[in-house]
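Note sheet for the following structure.
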Amino acid sequence: MADRLTLNRTLIGMVHVGALPGTPRHGQPVEHLAAQAAEEARVLVDAGFDAVAVENMHDAPYVHGDRLGPEIVAAMTRVGVEVATAVDVPIGVQILSGGNRHALAVAQAIGGSFIRCENFVYAHVADEGLLPEAEAGALLRERRRIGAEGVAVFTDIKKKHASHAITADISIADAAHAAAFFGADGLIVTGAWTGTPADPDDARRAKDASGLPVLVGSGVTPDNIGAMLDAADGVIVGSWIKHGGDWKNPVDPERAARLVYAARG
């Protein structure tokens, strides 16, 4: 099991795994997807990223939670093993949508360090539909049951791609406080959509209210990364580092290196 990721001006690069078996855009064998993910992880680490996270974002449109099939877990495990073999940095896992227990199992199997969790506290309406139950209780019991306490849970609060009208009276500070009370290991703040910058003040509010490490999880660029790292403990980058700044494209080595240089000088 890898050590837990220490967050201190930390740069996490996203590896968006190609569409997996059974999803609408699937077209390449799993071994090819795994090799491609491992190569993108190597590019990120060579550029100076501190950690990588693998995510099935190309599986859109998503199904949620228990509707995710075993083929997704199997394929993501194959991908995760290839990535873990290719790079010697902490590895995170996210499985969309709401595949938090699935991601935990994959991370445990591959020696991963963390997962990214949706709706850890509070219900909301996401673009894939209503997410009516908070995940914390079941997820942390599952972590204990399978002996995966070494896998940290970083959770989005007021997450992107979602409406939070049903919790409109809950501020981001309130959500952060609740996530800490329910046992999150770290928090993630974002803009409204993929590639939309977060508000650094939201990161500060979340950190002050929770006492937990906070990551900025969208819209990070060389122009704003300094401000983001001044407000938060790290960033997760998945769009700007791709060719053309489009998350759907492969990682661009030059853009990845430029982002690291902007962060580190």
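The values are calculated or read from the model by the stated rules, or taken from the named source; none is laboratory data. Treat the numbers as computed from the prediction; the structure is a model and nothing was measured. Here Cβ is always computed from backbone atoms with ideal geometry, including for glycine, and neighbour counts include all displayed protein chains.
Which condition breaks for His102 when tested against (1) over 22 Å from Val214 (Cα atoms); (2) modelled with pLDDT of 95 or more; (3) out of contact with any helix residue (DSSP H, G or I) (no Cβ under 6 Å at 6 or more places or on another chain)?
Here His102 clears every test but (3).
For region 72-122, what are the residues that are hydrophobic (A, V, I, L, M, F, W, C), in contact with a strand residue (DSSP E or B) (Cβ under 8 Å, 6 or more places away or on another chain) and in a helix (DSSP H, G or I)?
Met76, Val79, Val83, Ala84, Ala103, Leu104, Val106, Ala107, Ile110
Any chance region 223-236 includes a residue that's surrounded by 15 or more Cβ atoms within 10 Å (Cβ to Cβ) and of a type in the set (D, E, K, R)?
For region 223-236, residues surrounded by 15 or more Cβ atoms within 10 Å (Cβ to Cβ) and of a type in the set (D, E, K, R): present.
Take region 123-172 and flag every residue that is part of a loop (DSSP other than H, G, I, E, B) and polar (S, T, N, Q).
Answer for region 123-172, where residues must be part of a loop (DSSP other than H, G, I, E, B) and polar (S, T, N, Q): just Ser171.
Go through Ala203, Ala173, Ala179 for me and flag whichever is surrounded by fewer than 23 Cβ atoms within 10 Å (Cβ to Cβ) and either farther than 28 Å from Gly111 by Cβ or at pLDDT 95 or above (or both).
That would be Ala173, the only listed residue that is surrounded by fewer than 23 Cβ atoms within 10 Å (Cβ to Cβ) and either farther than 28 Å from Gly111 by Cβ or at pLDDT 95 or above (or both).
Asn8 fails exactly one of the following numbered conditions: (1) surrounded by 18 or more Cβ atoms within 10 Å (Cβ to Cβ); (2) within 20 Å of Gly219 (Cα to Cα). What is the number of that condition?
(1)
Can you spot a residue in region 200-214 that is touching a residue at least 12 places away in the same chain (Cβ under 8 Å), part of a loop (DSSP other than H, G, I, E, B) and among the β-branched types (Val, Ile, Thr)?
No, region 200-214 contains no residue that is touching a residue at least 12 places away in the same chain (Cβ under 8 Å), part of a loop (DSSP other than H, G, I, E, B) and among the β-branched types (Val, Ile, Thr).
Name the single residue that is farthest from Gly234 (Cα to Cα) among those in region 184-204 being out of contact with any Phe, Trp or Tyr (no Cβ under 9 Å at 6 or more places or on another chain) and small (Gly, Ala, Ser).
Looking at residues that are out of contact with any Phe, Trp or Tyr (no Cβ under 9 Å at 6 or more places or on another chain) and small (Gly, Ala, Ser), I get Ala192.
Phe114 fails exactly one of the following numbered conditions: (1) free of Cβ contacts under 8 Å to residues at least 40 places away in the same chain; (2) crowded, with 24+ Cβ neighbours inside 10 Å. What is the number of that condition?
(1)
Could you say which residue among Gly244, Gly226 is in a helix (DSSP H, G or I), without any contact (Cβ under 8 Å) to a residue 24 or more places away in the chain and not β-branched (Val, Ile, Thr)?
Gly244
Go through (1) modelled with pLDDT under 95; (2) touching a helix residue (DSSP H, G or I) at 6+ places or on another chain (Cβ under 6 Å) and name the single condition Thr6 misses.
(2)
It is to be established whether one or more residues within region 184-193 are polar (S, T, N, Q), in contact with a helix residue (DSSP H, G or I) (Cβ under 8 Å, 6 or more places away or on another chain) and crowded, with 21+ Cβ neighbours inside 10 Å.
No: region 184-193 contains no residue that is polar (S, T, N, Q), in contact with a helix residue (DSSP H, G or I) (Cβ under 8 Å, 6 or more places away or on another chain) and crowded, with 21+ Cβ neighbours inside 10 Å.
Answer yes if at least one residue in region 74-83 is in contact (Cβ under 8 Å) with a residue 40 or more places away in the chain, farther than 15 Å from Thr23 by Cβ and touching an Asp or Glu at 6+ places or on another chain (Cβ under 6 Å), and no otherwise.
The answer is no, given that none of the residues of region 74-83 is in contact (Cβ under 8 Å) with a residue 40 or more places away in the chain, farther than 15 Å from Thr23 by Cβ and touching an Asp or Glu at 6+ places or on another chain (Cβ under 6 Å).
Can you tell me how many residues within region 11-44 are in a loop (DSSP other than H, G, I, E, B) and either surrounded by fewer than 19 Cβ atoms within 10 Å (Cβ to Cβ) or in contact with a Lys or Arg (Cβ under 6 Å, 6 or more places away or on another chain) (or both)?
The number of residues fulfilling the criteria is 9.
Would you confirm, using the coordinates I've provided, whether His58 is over 30 Å from His177 (Cβ atoms), touching a strand residue (DSSP E or B) at 6+ places or on another chain (Cβ under 8 Å) and either among the polar types (S, T, N, Q) or touching a residue at least 40 places away in the same chain (Cβ under 8 Å) (or both)?
So His58 fits the description; yes.
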